[in-house]
Amino acid sequence: MLSLLSSSPLPGALCAVLSCGFFFQFADGQAPPNPYPQGQVSSSNPLEVDLGYATYLGVANELNEWFGKVSSSSVWEIRYAEAPIGPLRWQRPEAPNLTSNGTVINASTSAVACPQAPNHVSPPSPFAPSSGESEDCLFLNVWAPPNAENLPVFVWIHGGGYGSGSATCDMDFFINSSKEPFIGVAIQYRLAAFGFLSSDDVHNFGTPNAGLFDQYLALQWVQNYISLFGGDPTNVTIAGESAGAGSVMMQAMAFGGSVGDTLYNQIWAASPYLPQQYNYSDSVPTQGYYDFAEAAGCYDSANPNATEHVFQCLVNQDTKILQNASYTCTVDYKFGQWAYLPVTDGVMIQDRPSDQLPAGRVNGKTALIGTNADEGEMFVPQNVTTEESFVEFVQWMFPYFTDSDIQTVLEYYPITTAQAQNTVRFATDGVDPNTTAVTEGPFATGQQQRANNLYAETTFVCPAQWMAEGFNTENHEAYKYQYSILTSLHGDDLFAYFTAGAVPVNMGQSFRDAMISFLNSFIVSGTPNTASVYNTTVPADTASFMASWPAYDTQNQTQANLNHTGGTLTTITDPRDPFHYPVNMYVNPGLEAAFNLVNAYTWEGGRGQRCDFWKGVGTRVPEKR
């Protein structure tokens, strides 16, 4: 859903517990200071790093790696925050207490994930506690080439709808496949109700957006310590996909854009996930708070006046009961959506993205922003066959839209073809005015594609446009792209840079080499067009295209269209498609990268104009569930 809700700056907390037992005072809406002590590298073992609060020993593989270690008796991790349990639940994270006593912690394997709460895309299973999940999960992983010194730094924020995921990723493959070396970091943050519970209670006694504050503290950790691992804290890129890219967007907006480039220079957002963003005290997050509290045994909706101190009850509740409540509330939520999400809190997040981003109030200097051609299909109920059912879908997404609002949506999403059920489908080329993504796609046509595309644009594509607009200012720069090789489902781009092994059947090796190369260029130099960084396996014509890739300009809204040519046309079912539609796609052998420039505003029958509409309708999106 959209982040278009009308919101004005709200009162924020005056202080936060941010470091080693000390309270740092700061004015409303201002970024907190870095709370970490200094550290040092062992003179006898470069893999031994003393962070001031703990000493970690990494392992030398192809890369030097520092992870958390899991054993049968204890859990060790590269901790960047105190365990957010008991009185620290739903509070801003604290830097670890100064407890280093000379003990060296083995940090050779990944540690536990934060409690997971997947959405209702798949049929839910009953909650089952997992030994691989714990509230004590605020740690990060570091990868460094041997003898690293003053290298660029790449910080990955995982996706998963703000309800699932972890710091486990194939960073080894990404670094080893890149021509120029860099330091990799992957962070974890509180998820679902643990990280994004919101209401007046949470605001008064804790903090909304706790998961975003976790991310911010992790970025401060990077600034303070990454040089000990061979990284350059003045050349940091933060990146993510889906909710990870949404998190990057939130960090780019943090504290009203007042952070500047003190924590990072570049941002890379791949399919930025922007669901409807409410004020912290609006009816939707408040109802979610009481649903969670009731599931956790801290609230009785049948007798609400008999339940006091709901928040304190949650703080004191057993972790398994809370994990069950978070999971249950999420899997029982709307199909394809998550129950607990970032809100406008008036401190870290001070405005709607659709307002703040285009105004240029952003952190960082340069942005690389991409979306996939078919972002929406896996999140939309596949029962939209008539205009009446399309209207029902719009009302389901925006239940308090007026008849006039609905009519305007119909005008911006005109229908040109009839639904074709159970037939093989083709994608559009994006530029043919007679066949656009509004009604044509690889998984659906007609009314169903109309719904798929509306969800894609409101949730991923338009936020990407607003981000690009925000970085098109005198002191900022943006580069925009679309990942277009069939089937281009949400998340398919991860196979290009974060999945080792053979390329998928629908991706040419030259496409993967090219994408890794321009990403490597962005991390190292701040633009995707530094040709000296490209792998030698990138075809000459593709390398030439990337080297001349222009920045996004609101007067000439150019984006790169990342596709391929060649291969064999085949009817196949994409294993990631939850609905198992047969699709016409080109497969290996013979696939080669084919990149070109298109106008992002006129693309797909005027996608930019539709995004302007969604931006403008923000104040009319209601606050009720």
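From the list 517, 488, which one is touching a residue at least 12 places away in the same chain (Cβ under 8 Å) and in contact with a helix residue (DSSP H, G or I) (Cβ under 7 Å, 6 or more places away or on another chain)?
517
Output the number of residues of the stretch 114-159 satisfying the condition of being buried (at least 23 other Cβ atoms within 10 Å of the Cβ), under 30 Å from residue 318 (Cβ atoms) and touching a Leu at 6+ places or on another chain (Cβ under 7 Å).
3
I'd like the full set of residues that are of a type in the set (Ser, Thr, Tyr) and either in a helix (DSSP H, G or I) or at pLDDT below 95 (or both), limited to the stretch 444-487. Steps first, please.
Start the filter on the stretch 444-487 by keeping residues that are of a type in the set (Ser, Thr, Tyr), which leaves 445, 455, 458-459, 473, 479, 481, 483-484, 487.
Listed by number, the residues that qualify are 445, 455, 458, 459, 473, 487.
Among the residues of the stretch 349-361, which ones are of a type in the set (A, V, I, L, M) and more than 17 Å from the chain's Cα centre (by Cα)? Before you say what the answer is, go through the steps one by one.
Taking the stretch 349-361 and keeping what is of a type in the set (A, V, I, L, M), we get 349, 357, 359.
Answer for the stretch 349-361, where residues must be of a type in the set (A, V, I, L, M) and more than 17 Å from the chain's Cα centre (by Cα): just 359.
Residue by residue through the stretch 138-155, note down the ones that are among the small types (Gly, Ala, Ser) and either over 19 Å from residue 519 (Cα atoms) or in contact with a His (Cβ under 6 Å, 6 or more places away or on another chain) (or both). Before the answer, list the steps.
Narrowing the stretch 138-155 to residues among the small types (Gly, Ala, Ser): 144, 148.
Within the stretch 138-155, 148 is the sole residue that qualifies.
Report, by residue number, each residue of the stretch 304-316 that is surrounded by fewer than 14 Cβ atoms within 10 Å (Cβ to Cβ) and at negative phi.
Within the stretch 304-316, 304, 305, 306, 308, 312, 316 meet the criteria.
Restricting the search to the stretch 389-410, which residues are at pLDDT 95 or above and more than 18 Å from residue 455 (Cβ to Cβ)?
The one that is at pLDDT 95 or above and more than 18 Å from residue 455 (Cβ to Cβ): 407.
Name the residues in the stretch 334-348 that are under 20 Å from the mean Cα position of the chain (by Cα) and surrounded by fewer than 24 Cβ atoms within 10 Å (Cβ to Cβ), would you?
Within the stretch 334-348, 334, 335, 336, 337 qualify.
Mind checking whether some residue in the stretch 509-525 is under 28 Å from residue 607 (Cα atoms) and of a type in the set (Asp, Glu)?
Looking through the stretch 509-525, none of the residues is under 28 Å from residue 607 (Cα atoms) and of a type in the set (Asp, Glu).
Would you confirm whether or not the stretch 591-600 contains a residue that is under 27 Å from the mean Cα position of the chain (by Cα), surrounded by 16 or more Cβ atoms within 10 Å (Cβ to Cβ), modelled with pLDDT under 95 and not in a strand (DSSP E or B)?
no
With respect to residue 483, determine if the residue is under 17 Å from residue 272 (Cα atoms) and out of contact with any Asp or Glu (no Cβ under 7 Å at 6 or more places or on another chain).
no
Could you list, in sequence order, the residues of the stretch 141-160 that are of a type outside the set (S, T, N, Q) and either at pLDDT below 95 or assigned to a loop (DSSP other than H, G, I, E, B) (or both)? Before the answer, list the steps.
Looking only at the stretch 141-160, we keep the residues that are of a type outside the set (S, T, N, Q), and these are 142-146, 148-149, 151-160.
Hits for the stretch 141-160 are 142, 143, 144, 145, 146, 148, 149, 158, 159, 160.
What do you reckon, is residue 541 under 25 Å from residue 269 (Cβ atoms) and of a type in the set (Asp, Glu)? Write out each step before concluding.
Working: under 25 Å from residue 269 (Cβ atoms): no; of a type in the set (Asp, Glu): yes.
So residue 541 does not fit the description; no.
Just a yes or no: is a residue in the stretch 571-584 at pLDDT 95 or above, at negative phi and surrounded by 19 or more Cβ atoms within 10 Å (Cβ to Cβ)?
no
In the stretch 520-557, how many residues are surrounded by fewer than 18 Cβ atoms within 10 Å (Cβ to Cβ) and in contact with a helix residue (DSSP H, G or I) (Cβ under 7 Å, 6 or more places away or on another chain)?
The total comes to 7.
Given the structure, is residue 498 surrounded by fewer than 22 Cβ atoms within 10 Å (Cβ to Cβ), of a type in the set (A, V, I, L, M, F, W, C) and closer than 25 Å to residue 266 by Cα?
yes
Mind checking which residues of the stretch 496-511 are over 24 Å from residue 426 (Cβ atoms) and modelled with pLDDT of 95 or more?
If we filter the stretch 496-511 for residues that are over 24 Å from residue 426 (Cβ atoms), which is where we start, we get 497-502, 509.
Of everything in the stretch 496-511, those that are over 24 Å from residue 426 (Cβ atoms) and modelled with pLDDT of 95 or more turn out to be 497, 509.
Sort out which residues of the stretch 493-512 are within 23 Å of residue 272 (Cα to Cα) and either of a type outside the set (D, E, K, R) or not in a loop (DSSP other than H, G, I, E, B) (or both), and write them in order of number.
Residues satisfying the conditions are 494, 495, 496, 497, 498, 499, 507, 511, 512.
Looking at (1) among the charged types (D, E, K, R); (2) in a helix (DSSP H, G or I); (3) surrounded by fewer than 18 Cβ atoms within 10 Å (Cβ to Cβ), which is the one condition that is false for residue 294?
Going through (1) among the charged types (D, E, K, R); (2) in a helix (DSSP H, G or I); (3) surrounded by fewer than 18 Cβ atoms within 10 Å (Cβ to Cβ) one by one, residue 294 breaks only (3).
Which numbered condition in (1) surrounded by 19 or more Cβ atoms within 10 Å (Cβ to Cβ); (2) more than 23 Å from residue 264 (Cβ to Cβ); (3) of a type in the set (D, E, K, R); (4) modelled with pLDDT of 95 or more is the only one that residue 493 fails?
So residue 493 meets the others, but not (2).
Might you let me know whether the stretch 524-547 holds any residue that is without any contact (Cβ under 8 Å) to a residue 40 or more places away in the chain, among the hydrophobic types (A, V, I, L, M, F, W, C) and over 30 Å from residue 360 (Cβ atoms)?
yes
The rows are residues; the columns are (1) aromatic (Phe, Trp, Tyr); (2) within 23 Å of residue 204 (Cα to Cα); (3) crowded, with 24+ Cβ neighbours inside 10 Å.
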{"residue": "266", "(1), (2), (3)": "no, no, yes"}
{"residue": "272", "(1), (2), (3)": "no, no, yes"}
{"residue": "299", "(1), (2), (3)": "yes, yes, no"}
{"residue": "302", "(1), (2), (3)": "no, no, no"}
{"residue": "318", "(1), (2), (3)": "no, yes, no"}
{"residue": "328", "(1), (2), (3)": "no, no, no"}
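Report yes if some residue within the stretch 606-622 is farther than 30 Å from residue 282 by Cα and surrounded by fewer than 18 Cβ atoms within 10 Å (Cβ to Cβ); otherwise report no.
yes
Of all residues in the stretch 544-565, which are hydrophobic (A, V, I, L, M, F, W, C) and either over 13 Å from residue 430 (Cβ atoms) or not assigned by TED's automatic domain parsing to the domain that holds residue 513 (or both)? Outline the logic, then answer.
Taking the stretch 544-565 first, the residues hydrophobic (A, V, I, L, M, F, W, C) are 545-547, 549, 551, 560, 562.
Passing the criteria: 545, 546, 547, 549, 551.
Hey, among the residues in the stretch 601-623 that are farther than 20 Å from residue 371 by Cα and part of a loop (DSSP other than H, G, I, E, B), which one's modelled with the lowest pLDDT?
623
The values are calculated or read from the model by the stated rules, or taken from the named source; none is laboratory data. Note that the structure is predicted; figures quoted are calculated from it, not measured. Quick reminder, even Gly has a Cβ in these numbers, built from the backbone with ideal geometry, and neighbours come from all protein chains shown.
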